[in-house]
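Q: The following block contains the structure, expressed as structure tokens.
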Amino acid sequence: MGTSKAKSATVCGYPISIFFIMVNEFCERFSYYGMRAVLVLYFKYFLKWDDDLATTIYHTFAALCYLTPILGAIVADSWLGKFKTIVYLSIVYALGQVILAVSAIHDITDTNMDGTPDNMAFHIGLSMFGLLLIALGTGGIKPCVAAFGGDQFEDHQEKQRSTFFSIFYLSINAGSLLSTVITPILRAQDCGIYSQQKCYPLAFGVPAALMVVALIVFIVGSGMYKKASPQGNILVKVCKCIWFAVANRFRHRGSEYPKKEHWMDWADEKYDKLLIAQVKMVVKVLFLYIPLPMFWALFDQQGSRWTLQATTMDGDFGVLIIQPDQMQTVNPILILILVPVMDSMIYPLISKCKLNFTPLKRMTVGMFLAALAFVAAALVQLQIDQTLPTFPSSNEGQVKFLNMLNRSLDIKAGSQSLQLNAFTASDDYLTFEEPFGLELSPEAIYSISLTDGSRNTIVIQQDGPQPRPVKFEDLTVKPEEGANAIRFFNSLDSVLNITVGSLDFNGINAFNMSTYVAVPQGNAQFLIKNSSGAECLYNQQFGFGSSYTLVIPPTFVFGPNCEQNIRQVRDISPNSIHMAWQVPQYFLITAGEVVFSVTGLEFSYSQAPSNMKSVLQAGWLLTVAFGNIIVLIVAEAATLSDQWVEYILFASLLVAVCVIFAFMAYFYTYIDPAKIEAQFSELEPDDKWKKNPGKDAVEHHNEDRRSSSSSSDEEEKVSQTKM
């Protein structure tokens, strides 16, 4: 029941041991948020899952990360102690990060060296096992590290402890911000042994390395730490007390038994009145937690739905190019701005206006702001949808025509007629549900059948005296990851070799179409060579998510100004809605987070007994977990064809929950836990003989405050929202 005290040197009044803890926390948070920033894109583009499945698994993982802290807290307080729990689960955590990084190496199963894994089940199984270990590790150490840091201070070091927690949570935001900027850059690099692909192994490998560093740094400081022995978990005691009260009430449900003022009073046969009074206060706050998961259901979609939305937008900010997963950095940046603005300007201004802006009212406003954020996201999605091409349904086929004759051509396709100049293509795709007749001249009439759900380009070439159609399949989805799908049509009578950077079109035969090559945003320089060694350089500026067919006409000649003969045919337009339009929704959701989360923790701690703040922390983390569960249920159950409708659905649900919460808050009566506890400071004589965990809670009241509860008090002061 004691504490292992190491003689630790101090720097400016602070134990040296806390510097190891802060470095550990920075590295761990960098590892977690860096991995999570690119996770949904890994699901979509590497594992080839659709948006709904990627969203579901992402939020399942997030839910596990917020369910496992309860397990970690119980293990630390009841068996291993905080130090051993952090070490053992950090090993599990680092192992999970390494396994996830290995699962992203496509060359492991790419036996035919085409850049695509041949055994996707292996990569899925390995990555899911890695994520399970990460969830166990990050969640398990979450309730331990901050409290362990608080244990390093003596009772007279309140000021130093307060400063420590401020710096501790600054390291959380610093790790989150830096990793969310850096790992998407690493992901955007090309790497591979046999073929170059987006570098998910590097994007996961760097966080894995940081987690190993975090573990090593923490272990190096072992000899300097004060290590408190396990003293029993108050959460377990509270649960046992509640369970006994419920069971005892059920056993005495008959009318012959006298009624009690509160259902928790049925526990007084076994537990002392102080513990029962404390549990009543906790239960009162936990009841208010019931509507809160809906807020987190919206908030955590920044890393899933909003990131996927950004993949269909233009990330060119002029001086820099923003990757879709980097937009999440707006949240920690705005937190660092809005927290002091709220504390030093907004709240004091409201107070001067004599408005009674209670904590529960603040939380209601925070929920409403989050709903507005999803309305803003829906408006952005509507604008994006208007710019997206209309792809064919499962019973339709689409076609456009490319005239490669050195003259204009009148075309009749079904009932539609159009005229194409030499070496030009039709602007839009025509849609057909049945085979149609294609008339190129009175003597050249063809019957064309299109595969259901396909897009096609019909190239019209001269074949003897009559023109002849040749069909090529086009893309039926926007290019992935904001890249541009580029192909060439070679109408010369010789093979052409075309490269762009390290990408190769692999030799294009005469009168044939090349395969698509994913060309990144920016200025692309194509090098065109023929079999005799003649060269031509062709430059084109690309945006995000477009598809072009670049036509080399029969009039093309190598030499000066050769690039002027190349014709562009745009099959899919580039993303035209700028990512900056996501900033308003990020501002609203972050303002909601600051008002809701910080205030919620402050309210919870002010209304809870001093030795039961850890119970409310567990309850708060459970609301985050259940919020993620709501998202995965909606993603799987809702059959909504349009994404903007889903955004409006979530906003509507939160507004409804917000009204319910406001109603519950209206009838809530604020209490002073210290005064209530003071009434039970002296146990009644007939309570002293009872063998119950409430007595232990009283005996260790001061020790609890020095350990887990002290960290909770400081968390209230620093207005921190990242967990």
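The values are calculated or read from the model by the stated rules, or taken from the named source; none is laboratory data. These numbers come from a predicted model, not from an experiment. Virtual Cβ from ideal backbone geometry, glycine too; neighbours counted across all protein chains shown. Ligands, DNA and RNA are excluded from the accessible area calculation, which covers all protein heavy atoms including side chains. Shrake-Rupley method; radii C 1.70, N 1.55, O 1.52, S 1.80 Å.
Q: Quick one, what does Rg over Rh come out to for the stretch 196-353 if you take C-alpha atoms and the Kirkwood Rh?
A: 1.15
Q: Right, something else. Ordered by residue, what ³J(HN,Hα) values in Hz, to whole numbers, does the stretch 638-649 give under the Karplus form 6.51 cos²θ - 1.76 cosθ + 1.60, where θ = phi - 60° and Gly and Pro are x?
A: 6, 9, 9, 6, 10, 5, 5, 5, 5, 4, 5, 4
Q: Then there is this: Strictly under 4.7 angstrom between C-beta atoms: which cysteines of the chain have no such partner?
A: When partners are defined as cysteine Cβ atoms under 4.7 Å apart, the chain leaves CYS12, CYS27, CYS65, CYS144, CYS239, CYS241, CYS353, CYS658 without one.
Q: Pairs LYS82/LYS270; LYS226/LYS273; LYS159/LYS613; LYS240/LYS280: which are spaced more than 23 Å apart, C-alpha to C-alpha?
A: The answer is LYS82/LYS270; LYS226/LYS273.
Q: Turning to a different aspect of this structure: If you put +1 on each Lys and Arg Cβ and -1 on each Asp and Glu Cβ, how big is the dipole of the stretch 458-544 around its Cα centre, in Debye rounded to 20?
A: 120
Q: Same structure again: Taking just the alpha-carbon atoms of the chain, what radius of gyration and Dmax come out, in angstrom?
A: Rg, Dmax (Cα atoms, Å): 31.8, 114.
Q: Given a 1.4 Å probe and heavy atoms of the protein chains only, how would you sort MET513, MET113, largest accessible area at the top?
A: Putting MET513, MET113 in descending order of accessible area: MET113, MET513.
Q: Keeping all protein chains in the complex and leaving out DNA, RNA and ligands, what accessible area do you get for THR116 with a 1.4 Å probe, in Å² to the nearest 10?
A: In the full protein context, THR116 sits at about 70 Å².
Q: In the full protein assembly as shown, how much of PHE391 is accessible to a 1.4 Å probe, in Å² to the nearest 10?
A: Ignoring ligands and nucleic acids, PHE391 comes out at about 60 Å².
Q: Quick one: angle between helix 273-289 and the longest Cα principal axis of the chain, in degrees between 0 and 90, rounded to 10, please.
A: Result, in degrees: 20.
Q: Could you tell me what percent of the accessible area of the stretch 521-600 is made up of carbon and sulfur, with a 1.4 Å probe and every protein chain present?
A: Using a 1.4 Å probe with all protein chains present, the stretch 521-600 comes out at 51 percent carbon and sulfur.
Q: If you count only protein heavy atoms with a 1.4 Å probe, what accessible area per residue comes out for the chain, rounded to a whole Å²?
A: Spelled out: the 1.4 Å probe surface of the chain, per residue, equals 43 Å².
Q: Consider all pairwise Cα distances in the stretch 624-684 and report the whole-number % of them above 16 Å.
A: 66
Q: In the chain, what percentage of the DSSP-assigned beta bridges are antiparallel, given to the nearest 5?
A: Of the beta bridges lying entirely in the chain, close to 80 percent run antiparallel.
Q: Run the numbers for ASP190 and ASP463: contour at 0.36 nm per residue of separation, minus the present Cα-Cα distance, in nm.
A: 94.0 nm
Q: Could you order LEU492, LEU654, LEU286 so the one with the most accessible surface comes first? Probe is 1.4 Å.
A: LEU286, LEU492, LEU654
Q: So how strong a dipole does the chain carry about its Cα centre when Lys and Arg Cβ are +1 and Asp and Glu Cβ are -1, to the nearest 20 debye?
A: 2380
Q: Ok, one more. Per residue of the stretch 216-224, what does 6.51 cos²θ - 1.76 cosθ + 1.60 with θ = phi - 60° give for ³J(HN,Hα)? Whole Hz please, x for Gly and Pro, Karplus curve as stated.
A: For the stretch 216-224, the Karplus curve yields 5, 4, 5, 5, 4, x, 3, x, 9 Hz.
Q: Can you tell me how much longer the chain between VAL477 and ARG407 gets when fully stretched, taken as 0.36 nm per residue apart minus their C-alpha distance, in nm with one decimal?
A: That pair, VAL477 and ARG407, stretches by 22.0 nm at full extension.
Q: Using Cα atoms only, what is the angle between the long axis of helix 51-75 and the major principal axis of the chain, expressed in degrees (0 to 90) to the nearest 10?
A: 20
Q: Rank these residues by their accessible area, most exposed first, probe 1.4 Å: THR111, THR85.
A: Ranking THR111, THR85 by accessible area, largest first, yields THR111, THR85.
Q: Work through the residues other than ALA378 whose Cβ is under 15 Å from its Cβ and net out their charges, Lys, Arg +1 and Asp, Glu -1.
A: Combined, the nearby Lys, Arg, Asp and Glu give -2.
Q: Could you work out how much longer the chain between ASP493 and SER441 gets when fully extended? Use 0.36 nm per residue separation minus the Cα distance between them, nm to one decimal.
A: Gain in length upon complete extension: 16.3 nm.
Q: May I pose another question? Quick one: Debye curve from the C-alpha atoms of the stretch 520-671, no solvent, what's log10 I(q)/I(0) at q = 0.09, 0.11, 0.18 Å⁻¹?
A: The computed values of log10 I(q)/I(0) come out as -0.60, -0.71, -1.22.
Q: Then there's this: By how many degrees, between 0 and 90 and to the nearest 10, does the Cα long axis of helix 359-387 differ from the longest principal axis of the chain?
A: 10
Q: Work out Dmax and Rg for the stretch 27-110 from the C-alpha atoms and quote the Rg first, both in angstrom.
A: 15.3, 47
Q: On to the next question. Semi-axes of the equivalent ellipsoid of the stretch 426-553: what are they in whole Å, largest first, if each equals the square root of 5 times a C-alpha gyration tensor eigenvalue?
A: Equivalent ellipsoid semi-axes, largest first: 28, 21, 10 Å.
Q: Residue-wise, which Karplus ³J(HN,Hα) couplings in Hz belong to the stretch 334-345, taking 6.51 cos²θ - 1.76 cosθ + 1.60, θ = phi - 60°, and x for glycine or proline?
A: Coupling constants for the stretch 334-345: 5, 4, 4, 8, 6, 4, x, 5, 5, 6, 9, 10 Hz.
Q: Please name which of LEU95, THR111, CYS144 has its Cα lying farthest along the dipole of the stretch 86-157 towards the positive end, using unit charges on Cβ (Lys, Arg +1; Asp, Glu -1) and the Cα centre as origin.
A: Checked the options; the winner is CYS144.
Q: I've got another one for you. Quick one: accessible surface of THR180, probe radius 1.4 Å, all protein chains present, in square angstrom to the nearest 10.
A: Rounded to the nearest 10, that gives 10 Å².
Q: Over its Cα atoms, what ratio of radius of gyration to 2.2 N^0.38 Å does the stretch 418-483 give?
A: Dividing the Cα Rg of the stretch 418-483 by 2.2 N^0.38 Å gives 1.28.
Q: Hey, what does the equivalent ellipsoid look like for the stretch 355-513, semi-axes from the Cα gyration tensor as sqrt of 5 times each eigenvalue, largest first, whole Å?
A: The answer is 47, 22, 12 Å, longest axis first.
Q: Can you give the calculated 222 nm mean residue ellipticity of the chain, where each DSSP H run of n ≥ 4 adds -39,500 (n - 2.57) and the sum is split over every residue, rounded to the nearest 500 deg cm²/dmol?
A: Taken over the chain, the calculation gives -16000 deg cm²/dmol.
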